[in-house]
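Novice: Shown below is the structure under consideration.
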């Protein structure tokens, strides 16, 4: 189930609002054992109904899945200094193409974590 804050961001974007500050624009509360709900709405657009927010469930799930994949990739890529060293060695060995070690390392991470 997509997080409420993500569905709010998607709703706001669909109405032309590209940024939502969850400290001032919209405040969400989640009492213990209950679902999260909008406590305060200070955006210049109408507050969404539950049905309007639910219409962003699929898009929210897709965005959350993509974010997870991108986070996993970021954690699995070699450190930047290691990638630069691989690139240097590939260039010195005249392997600045798909046969180089840098390309193979990055491709493996992407193949193991498809979008």
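The values are calculated or read from the model by the stated rules, or taken from the named source; none is laboratory data. The model shown is predicted, which means the values in this text are computed figures rather than measured ones. Note that we place each Cβ from the backbone using ideal geometry, even for glycine, and neighbour counts take in every protein chain shown.
Novice: Out of all the residues in the stretch 14-23, is one or more surrounded by 10 or more Cβ atoms within 10 Å (Cβ to Cβ) and either in a helix (DSSP H, G or I) or in contact (Cβ under 8 Å) with a residue 40 or more places away in the chain (or both)?
Specialist: There is at least one residue in the stretch 14-23 that is surrounded by 10 or more Cβ atoms within 10 Å (Cβ to Cβ) and either in a helix (DSSP H, G or I) or in contact (Cβ under 8 Å) with a residue 40 or more places away in the chain (or both).
Novice: I would also like to ask the following. Among the residues of the stretch 65-82, how many are surrounded by 11 or more Cβ atoms within 10 Å (Cβ to Cβ) and in a loop (DSSP other than H, G, I, E, B)?
Specialist: Of the residues in that region, 2 qualify.
Novice: Continuing with the same structure: Conditions: (1) in contact with a helix residue (DSSP H, G or I) (Cβ under 9 Å, 6 or more places away or on another chain); (2) part of a loop (DSSP other than H, G, I, E, B); (3) at pLDDT 95 or above. Residue 94 meets all but one. Number of the miss?
Specialist: (1)
Novice: Another one. How many of the residues in the stretch 57-67 are farther than 12 Å from residue 3 by Cβ and under 11 Å from the mean Cα position of the chain (by Cα)?
Specialist: So the count comes out to 3.
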